[in-house]
Amino acid sequence: MDVVFATLVAVVVAALIFDYINGFHDTANAIATVVSTGVLPMRTAIILAAGMNLLGAFWGTEVANTIAKMVHEAEVSQVMVAAG
C-alpha cells in the first residue's frame, strides 16, 4: 500500500473516531443542564441531542470555510490535518 494512501486512510479514520467521541461530550453537557433543571425529561433530552448532533454533522461547513481562509492550501498536508 502506498504511504500517502495509508496516511489518508489513517487521517480519515482518526477524524471519524474524533467526531464520534466528541458527540458524547457535547451531548453530555447539553443534557446535564436541561435534565438537572427539570426542563426536559431525560429521554426527550437524549433524543433531541442525538438528532441535533446528527443534523449538525451534515448541516454546514462554516467552520471548515473559516479555517480554510486562515491557511494557504499549498502548506496543508495530511499530517497537518491529522494533528489538527
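Of the conditions (1) among the β-branched types (Val, Ile, Thr); (2) open to solvent by 60 Å² or more (accessible area, probe 1.4 Å); (3) more than 17 Å from Ala83 (Cβ to Cβ), Ile31 clears all except one; give me its number.
(2)
So, in the stretch 1-37, of the ones that are acidic (Asp, Glu) and in a helix (DSSP H, G or I), which residue ends up farthest from Ile47 (Cα to Cα)? So that I can check it myself, show each step before the final result.
Narrowing the stretch 1-37 to residues acidic (Asp, Glu): 2, 19, 26.
Okay, now just the ones that are also in a helix (DSSP H, G or I), so 19, 26.
Numbers: Asp19: 18, Asp26: 13 Å.
Out of the qualifying residues, it is Asp19.
Being within 16 Å of Leu16 (Cα to Cα) and either of a type in the set (Gly, Ala, Ser) or touching a helix residue (DSSP H, G or I) at 6+ places or on another chain (Cβ under 8 Å) (or both) is the filter here; which residues of the stretch 48-84 pass it?
Asn53, Gly56, Ala57, Ala64, Gln78, Val79, Val81, Ala82, Ala83, Gly84
So, in the stretch 5-21, exactly how many residues are hydroxyl-bearing (Ser, Thr, Tyr) and either in contact with a strand residue (DSSP E or B) (Cβ under 9 Å, 6 or more places away or on another chain) or at pLDDT below 85 (or both)? Show your work before the answer.
Taking the stretch 5-21 as the starting set, the residues that turn out to be hydroxyl-bearing (Ser, Thr, Tyr) are 7, 20.
Subset that is either in contact with a strand residue (DSSP E or B) (Cβ under 9 Å, 6 or more places away or on another chain) or at pLDDT below 85 (or both): 20.
Looking only at that region, the number is 1.
Between residues in the stretch 58-84 that are at negative phi and residues that are among the polar types (S, T, N, Q), which pairs lie under 6 Å by C-beta distance while being six or more apart or on different chains?
Gln78/Thr7
Can you tell me which residue in the stretch 38-48 is most open to solvent (accessible area, probe 1.4 Å), limited to those that are assigned to a helix (DSSP H, G or I) and either at pLDDT below 85 or of a type outside the set (A, V, I, L, M, F, W, C) (or both)?
From the stretch 38-48, those assigned to a helix (DSSP H, G or I) are 42-48; that's our starting set.
Those still in the list that are either at pLDDT below 85 or of a type outside the set (A, V, I, L, M, F, W, C) (or both) too: 43-44.
Values: Arg43: 184, Thr44: 65 Å².
My answer is Arg43.
For the stretch 72-84, which positions are of a type outside the set (Asp, Glu) and either more than 19 Å from Ala14 (Cβ to Cβ) or touching an Asp or Glu at 6+ places or on another chain (Cβ under 7 Å) (or both)?
Restricting attention to the stretch 72-84, the residues satisfying the condition of being of a type outside the set (Asp, Glu) are 72, 74, 76-84.
Selection gives His72, Ala74.
How many residues does the stretch 49-84 hold that are assigned to a helix (DSSP H, G or I) and either open to solvent by 90 Å² or more (accessible area, probe 1.4 Å) or over 14 Å from Asp26 (Cβ atoms) (or both)? Walk me through it before giving the result.
Here is the first cut: in the stretch 49-84, the residues assigned to a helix (DSSP H, G or I) are 49-59, 62-70, 73-75, 78-83.
Pick out the ones that are also either open to solvent by 90 Å² or more (accessible area, probe 1.4 Å) or over 14 Å from Asp26 (Cβ atoms) (or both) and you get 52, 54, 58-59, 62-70, 73-75, 78-83.
So the count comes out to 22.
The values are calculated or read from the model by the stated rules, or taken from the named source; none is laboratory data. These numbers come from a predicted model, not from an experiment. Neighbour counts are summed over all protein chains in view; Cβ atoms, including those assigned to glycine, are modelled from backbone coordinates with ideal geometry. In case anyone asks, the SASA skips ligands and DNA or RNA and just uses the protein heavy atoms, side chains included. Shrake-Rupley method; radii C 1.70, N 1.55, O 1.52, S 1.80 Å.
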